[in-house]
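**Student:** Okay, handing you the structure first.
Just so you know, all these numbers are worked out from the coordinates, no wet-lab data involved. Predicted model, so just to flag it, every value in this text is computed and none were measured. Here the Cβ positions follow ideal geometry from the backbone for every residue, glycine too, while neighbour counts run over all protein chains shown.
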Amino acid sequence: MNILRETLLDVHHGIGMGLLALLLGVGWAAYMATQHEQIHGEFEAQEMKMEQTRIEHIKKNTSVEAIQVVDAHDKVLSEIHGHDHATESPEATTLHTHSGSLATDAMQRLLRGHIHFMGVGLLSLVLLILTASTSLKRVWKKVLGWTFGLGALTYPPAWILMGFRTVEVGPGAAEASVLWLFGPAVALLLGSMMALFLVMAVECIGLKEKVLFSWAFSRES
């Protein structure tokens, strides 16, 4: 037990953040399970309100004859396709959705927040254990502990924030609005994984004693 504790001591802060990510994932799943209908209903009401606003905008800027033609055309299309084309405007057609509903897309993104909390949290724990088992100097193990841990804590919330903004500003704009969080989180995770891969490759090939790499490795192991 003491040996294991000493091995993991340099990355214990990262392991703590990984465990926190798992805890947040469980908590978010519980919240989604109990509040699913309420959240989805609010998204649908928001989407309907936006559609009504677009309809009023179209009618204010369209002649009565054109509106009658559009309404008649929409009635035929709605019978064929099962949805209301009159609510669509040039602006609305630019909102690409994967499910056909902004509310549904928003809920899917919120769900991905839970999935990524669990997945990235577990991944960071495994990779930090591998980091602790390498012969890196303690300072670099601590650095990887911070980068893996912070990546695990910042990547999933980006999906949650994106989900809450999807109906309000549209899928594309919602993605762009969280790049300030999404970008650094991805950079931390990818950079950390690439660094760990390089470390393990250097150790496997037996190059850690070379001048090019020796500065990063401890001579004690």
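**Student:** So Cys204 ticks every box in (1) within 24 Å of His12 (Cα to Cα); (2) loosely packed, with under 13 Cβ neighbours inside 10 Å but one. Which box is left unticked?
**Tutor:** (1)
**Student:** Can you tell me which residues in segment 155-184 are in contact with a helix residue (DSSP H, G or I) (Cβ under 7 Å, 6 or more places away or on another chain) and without any contact (Cβ under 8 Å) to a residue 12 or more places away in the chain?
**Tutor:** Listed by number, the list holds a single entry, Val169.
**Student:** Right, another one. Which residues, counting only those in segment 125-156, are in contact with a Gly (Cβ under 8 Å, 6 or more places away or on another chain), crowded, with 19+ Cβ neighbours inside 10 Å and not hydroxyl-bearing (Ser, Thr, Tyr)?
**Tutor:** Leu125, Leu128, Leu144, Gly145, Phe148, Gly149, Ala152, Pro156
**Student:** Considering only residues of segment 27-39 that are in contact (Cβ under 8 Å) with a residue 24 or more places away in the chain and under 30 Å from Thr147 (Cβ atoms), which is surrounded by the most Cβ atoms within 10 Å (Cβ to Cβ)?
**Tutor:** This residue is Trp28.
**Student:** Now for a different question. Need at least 1 residues that are under 12 Å from the mean Cα position of the chain (by Cα) and of a type in the set (A, V, I, L, M) per element, so show me which helices (runs of 4 or more DSSP H) inside segment 102-221 make the cut, counting only ones lying wholly within it.
**Tutor:** Ranges flagged: 102-133, 138-169, 171-177, 179-205.
**Student:** Mind checking whether some residue in segment 175-198 is more than 18 Å from His13 (Cα to Cα), polar (S, T, N, Q) and touching an Asp or Glu at 6+ places or on another chain (Cβ under 7 Å)?
**Tutor:** no
**Student:** Now a separate question. Which of the residues that make up segment 179-201 are of a type outside the set (Gly, Ala, Ser) and loosely packed, with under 13 Cβ neighbours inside 10 Å?
**Tutor:** Once the filter is applied, which keeps residues that are of a type outside the set (Gly, Ala, Ser) and loosely packed, with under 13 Cβ neighbours inside 10 Å, segment 179-201 yields Leu179, Trp180, Leu190, Met194, Phe197, Leu198.
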